[in-house]
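A short write-up of the structure that comes next.
Every read-out reported here was derived from the displayed coordinates using simple, explicitly stated rules and does not represent laboratory data. From a predicted model like this one, the values you see are computed outputs, not experimental measurements. Positions of Cβ are backbone-derived with ideal geometry, glycine not excepted, and every protein chain shown enters the neighbour counts.
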Amino acid sequence: MKMLAATLAVALLFSAGSAWADFADGMAAYNRGDYATAFQEWLPLAEQGDAEAQYKFGTLYHNGYGVSKNNIEAIKWYRKAAEQGHEQAQYFLGGMYLRGMYLRGEGIPTNYLKAYMWYSIAKANGSGLASMWLYKLEEHIGPAQIAKAQALTNEYWEKHNN
C-alpha cells in the first residue's frame, strides 16, 4: 500500500511539473510570436480547467493571435478563467460587456450591468484599472442600475464562495 501511495505521489508531481512545462513552453512561444505553438501547448491545460491557460486562450482569440479573431471564443475562455477568480480575465470580460464586442456579427451586446459586475469582481481581486472603469460607468448609469449591478455582483459572490 505504501508503494502504491509513493507511486501515485511521484506521478502527481511529475504531471504537475509537466503541466507547468507545457504552460512555460506556451509562454515562451507566445513571447516570440509563435502563437500557433502557444495555442497547442495551452489547449490541454485550458480544457482541463487551468485558469491562466484559459485567460491566455481568451487573449489569443480576442486578438486573433494564431487563430482567427473570434470574440465569442474570447468571451467563452475569459468567462471560464474569470469564474475561477482570474483578475485579468474578469477585467477583460468586464470590458467586453462595457463596449459590446460585435465584430463581423460576433460578440455580445453592450451590458452595463454585467460590465459593472465583472469590474467590481476584478476590483475586489486587486485590479486598479477596474476601479477606474467602475467610476466611469457610474457617471453614465443611474443609481437604480448600480443597485441592480451590485445585486448581480452579490449573487456571483454567493454562488462562488459557498
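Provide the per-residue ³J(HN,Hα) series for the range 40-55, in order, calculated from phi with Karplus coefficients 6.51, -1.76, 1.60 and θ = phi - 60°, each as a whole number of Hz, with x at glycine and proline positions.
Those phi angles translate into 5, 5, 8, 3, x, 5, 4, 5, 8, x, 6, 4, 5, 5, 5, 4 Hz.
Lys and Arg at +1, Asp and Glu at -1: add these up for the other residues within a Cβ distance under 15 Å of ALA53 and post the number.
Once positives and negatives cancel, what remains is -4.
List, in order, the whole-Hz ³J(HN,Hα) value for each residue of the range 143-160 obtained from phi through the Karplus relation with A = 6.51, B = -1.76, C = 1.60 and θ = phi - 60°; use x for Gly and Pro.
With the stated coefficients, the range 143-160 comes to x, 5, 5, 4, 4, 5, 5, 5, 5, 4, 4, 4, 4, 4, 4, 5, 5, 9 Hz.
Using the 10 angstrom Cβ neighbour count as an exposure proxy, how do MET117, MET27 rank, fewest first?
So the residues, fewest neighbours to most, are MET27, MET117.
Note down the net charge around ALA115, summing +1 for each Lys or Arg and -1 for each Asp or Glu among other residues with Cβ under 15 Å from its Cβ.
Neighbourhood net charge equals +4.
Can you put TYR30, TYR156, TYR116 in order of Cβ neighbours within 10 angstrom, beginning with the fewest?
Values: TYR30 20, TYR156 17, TYR116 25.
Going from sparsest to densest Cβ surroundings: TYR156, TYR30, TYR116.
Sorted from fewest to most neighbouring beta carbons within 10 Å, what does the list LEU98, LEU60 look like?
LEU98, LEU60
For the range 55-87, list residues with backbone N below 15 Å from a point placed 7 Å from the Cα of ASP34 toward its Cβ?
66
Hey, which of these cross-link pairs are over 18 Å Cα-Cα: LYS56/LYS76; LYS80/LYS114; LYS114/LYS136; LYS56/LYS80; LYS136/LYS159? Write down the numbers at each step before the final one.
Values: LYS56/LYS76 12 Å; LYS80/LYS114 15 Å; LYS114/LYS136 14 Å; LYS56/LYS80 11 Å; LYS136/LYS159 27 Å.
Beyond 18 Å: LYS136/LYS159.
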